[in-house]
1. Scan segment 73-97 residue by residue and report those that are open to solvent by 80 Å² or more (accessible area, probe 1.4 Å) and at pLDDT 85 or above.
2. Look through segment 47-72, keep the residues that are in a loop (DSSP other than H, G, I, E, B) and either closer than 12 Å to Ile24 by Cα or at pLDDT 90 or above (or both), and return whichever of them is most open to solvent (accessible area, probe 1.4 Å).
Amino acid sequence: MNSGAVSTGVETTAMNPAPTQPVIKVQDASFGYGEKTIINRVSLEAQEGEFLSLIGPFGCGKSTLPAMMDGVLTPDSGSVLVEGNIPRTGVGSRATVFQGFALMPWESVLHNVTLGLRYKRPKLNRKQRAEIGLEYLEKVGLCGCR
């Protein structure tokens with residue numbers, strides 16, 4: 001019996017939900033200052049609830065890419081969409097905190113990521129600590145998060 005529905009070959013269940021549109025979609029985005037290309041054909045997608053980290057040397061575009069996502073800069077080519085729209089400054093619930101404001105650049109990425117845990121000292125049970133990797137970090141001496 002044919003119901004007239006077109007099959008996509010993807011079964012939707014509670015364990016395999018239908019694909020959703022990414023919250024952030026960067027496709028072949030390029031940006032430069034004058035003759036200097038900073039970002040060259042970068043593509044990425046981020047779903048709701050995902051965290052992305054941009055790690056790289058000085059001048060590789062770590063601040064330029066978020067500025068494009070916030071609508072502060074416009075790509076020279078390619079596209080940047082946030083929630084399906086071209087981002088505009090001052091619109092939406094986005095914010096960028098740049099490295100100079102909150103991180104200590106002389107520390108490692110791991111040290112910066114665990115910084116809040118060392119000072120806030122969350123009260124977690126053993127299972128919670130294991131789930132987020134704190135037991136391992138403490139065991140190897142990378143986080144004094146008691």
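1. Hits for segment 73-97 are Thr74, Asp76, Glu83, Asn85, Ile86.
2. Across segment 47-72, the extreme among qualifying residues is Phe51.
The values are calculated or read from the model by the stated rules, or taken from the named source; none is laboratory data. Being a predicted model, the structure only gives us computed values, none of them experimental. For accessibility, only protein heavy atoms count, side chains too; no ligands or nucleic acids. Shrake-Rupley method; radii C 1.70, N 1.55, O 1.52, S 1.80 Å.
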